[in-house]
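Submitted below is the structure of interest, expressed as structure tokens.
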Amino acid sequence: METKERVPVVWLQLQDCTGCSESFIRTTHPKAESVLLDMISLEYTEVLSAAAGHQAEEAMKNVLKNYKGEYILAVEGSLPEDAGYLTVGGVDAKETFKEMAEGAKAILAYGSCAAWGGIPAAGPNPTGAKPITSFVKDTPVILVPGCPPIAEVMTGVIGHIITFGQLPELDHLGRPKAFYRHRIHDKCNRRAYFDAGLFVESFDDEGSKQGYCLYKVGCKGPTTYNSCAEMRWNGGISYPIQSGNPCIGCSEAGFWDNGPFYTR
Ligand code: SF4
Ligand code: SF4
Ligand code: F3S
């Protein structure tokens, strides 16, 4: 790894909440500093750039000029159908995205907003928010859904591309199989209670204190593909279900309109 040149990365933020960036910088294996100083050269990012304004815009243009076909475009957030809802640096963000997408080696759609439309697309979807795939022609796109995605999944995908020089194997929806091949339900720490028919009926009942299955209080684990139950969050410590919260299916398309999230 040390002998390889760092891969240029441009990270665009579109209609987003910055939660995906917040998740990314909390990666523990590899550590964020190792990703940023040894693996990638983050040429443009609205959260972490030292440069700002025209300097930052210039850095993005230089990537397009000097690294066409070599850089990775990371995208957080959805795109509005209508021009005028999202302007960055005085330019319609959709036009910037299309230009940067065309010159990229690959696009990482980080988070459920970029992958599926996400919260900005929630009914009545006032901006006409769409997943970024709606605006890509030929460049390969890797979907890394989650609201936000797990930090080590985000860095793991980049690590794969850098280490093997190719994209990871994807499923029929464009997600890396390594991280999205199982349902939460398949690996859930409460699964034995589901199989035994022992369910939490309300959040303050005895079953809740015993750690029973959360299906009857709204858990979407049986229909959600993600690595939370295997990799867990915050460096492998826990995940929503382990801490008593039903999975709301945050990595699945349409989760934002498929509530209620909790049924008792
Ligand atoms: Fe925020 Fe979730 Fe969208 Fe990421 S996917 S930008 S965390 S709303
Ligand atoms: Fe399945 Fe959810 Fe119950 Fe876990 S808590 S076993 S994911 S229904
Ligand atoms: Fe999201 Fe469910 Fe994991 S809500 S964080 S996919 S447990």
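I'm told TRP11 meets every condition in (1) out of contact with any strand residue (DSSP E or B) (no Cβ under 6 Å at 6 or more places or on another chain); (2) surrounded by 21 or more Cβ atoms within 10 Å (Cβ to Cβ); (3) aromatic (Phe, Trp, Tyr) except one. Can you identify the failing condition by its number?
That leaves (1) as the condition not met.
Which pairs have Cβ atoms under 6 Å, sit 6 or more apart or on different chains, and link a residue in the stretch 236-263 that is under 20 Å from ARG175 (Cβ atoms) to one that is within 15 Å of ligand 1 (Cβ to nearest atom) and modelled with pLDDT under 95?
Going by the 6 Å Cβ cut-off, the qualifying pairs are ILE248/PHE261.
Identify, by number, the condition in (1) within 20 Å of the chain's Cα centre (by Cα); (2) crowded, with 22+ Cβ neighbours inside 10 Å; (3) on the phi < 0 side of the Ramachandran plot; (4) within 16 Å of ligand 2 (Cβ to nearest atom) that VAL157 doesn't meet.
Answer for VAL157: the failing condition is (4).
Yes or no, residue by residue, for (1) farther than 24 Å from ILE142 by Cα; (2) of a type in the set (Ser, Thr, Tyr):
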{"site": "GLY197", "(1), (2)": "yes, no"}
{"site": "TYR215", "(1), (2)": "yes, yes"}
{"site": "GLN242", "(1), (2)": "yes, no"}
{"site": "GLY249", "(1), (2)": "no, no"}
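Further question on the same structure: Report the residue count in the stretch 143-182 for those that are closer than 17 Å to ALA253 by Cα and either aromatic (Phe, Trp, Tyr) or in contact with a His (Cβ under 9 Å, 6 or more places away or on another chain) (or both).
Total satisfying the criteria: 3.
For the stretch 40-78, which positions are within 16 Å of ligand 1 (Cβ to nearest atom) and either charged (D, E, K, R) or in a loop (DSSP other than H, G, I, E, B) (or both)?
GLU46, VAL47, LEU48, GLU76, GLY77
Can SER238 be described as in contact with a Lys or Arg (Cβ under 7 Å, 6 or more places away or on another chain) and either more than 16 Å from ligand 1 (Cβ to nearest atom) or at negative phi (or both)?
Yes: the conditions hold for SER238.
Do any residues in the stretch 167-179 that are closer than 14 Å to PRO149 by Cβ have Cβ atoms under 7 Å from those of residues that are buried (at least 16 other Cβ atoms within 10 Å of the Cβ) and among the polar types (S, T, N, Q), where the two are at least six apart or on different chains, and which pairs are they?
Qualifying pairs under 7 Å: PHE179/SER227.
Let me ask something additional. Just to be sure I understand, how many residues within the stretch 222-247 are more than 11 Å from ligand 2 (Cβ to nearest atom) and surrounded by fewer than 22 Cβ atoms within 10 Å (Cβ to Cβ)?
Summing the residues that are more than 11 Å from ligand 2 (Cβ to nearest atom) and surrounded by fewer than 22 Cβ atoms within 10 Å (Cβ to Cβ) in the stretch 222-247 gives 11.
If SER202 passes every condition in (1) closer than 24 Å to SER251 by Cβ; (2) touching a residue at least 40 places away in the same chain (Cβ under 8 Å) but one, which one does it miss?
Of the numbered conditions (1) closer than 24 Å to SER251 by Cβ; (2) touching a residue at least 40 places away in the same chain (Cβ under 8 Å), the odd one out for SER202 is (1).
Here's the yes/no breakdown for (1) in the same structural domain as ALA114 (by TED's automatic domain parsing); (2) within 12 Å of ligand 3 (Cβ to nearest atom); (3) closer than 23 Å to VAL157 by Cβ:
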{"residue": "PHE194", "(1), (2), (3)": "no, no, no"}
{"residue": "GLN210", "(1), (2), (3)": "no, no, no"}
{"residue": "CYS219", "(1), (2), (3)": "no, yes, no"}
{"residue": "THR224", "(1), (2), (3)": "no, yes, yes"}
{"residue": "ALA229", "(1), (2), (3)": "no, yes, yes"}
{"residue": "ARG232", "(1), (2), (3)": "no, yes, yes"}
{"residue": "TYR239", "(1), (2), (3)": "no, yes, yes"}
{"residue": "GLY249", "(1), (2), (3)": "no, yes, yes"}
{"residue": "ALA253", "(1), (2), (3)": "no, no, yes"}
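Another question about this same structure. With the requirement that a residue be in contact (Cβ under 8 Å) with a residue 24 or more places away in the chain, outside any loop (DSSP other than H, G, I, E, B) and charged (D, E, K, R), what does the stretch 6-39 give you?
If the condition is that a residue be in contact (Cβ under 8 Å) with a residue 24 or more places away in the chain, outside any loop (DSSP other than H, G, I, E, B) and charged (D, E, K, R), then GLU22, ASP38 are the ones that fit.
The values are calculated or read from the model by the stated rules, or taken from the named source; none is laboratory data. Because the structure is a prediction, the values reported are computed rather than measured. Glycine gets a Cβ as well: all are built from the backbone with ideal geometry, and neighbour counts include every protein chain shown.
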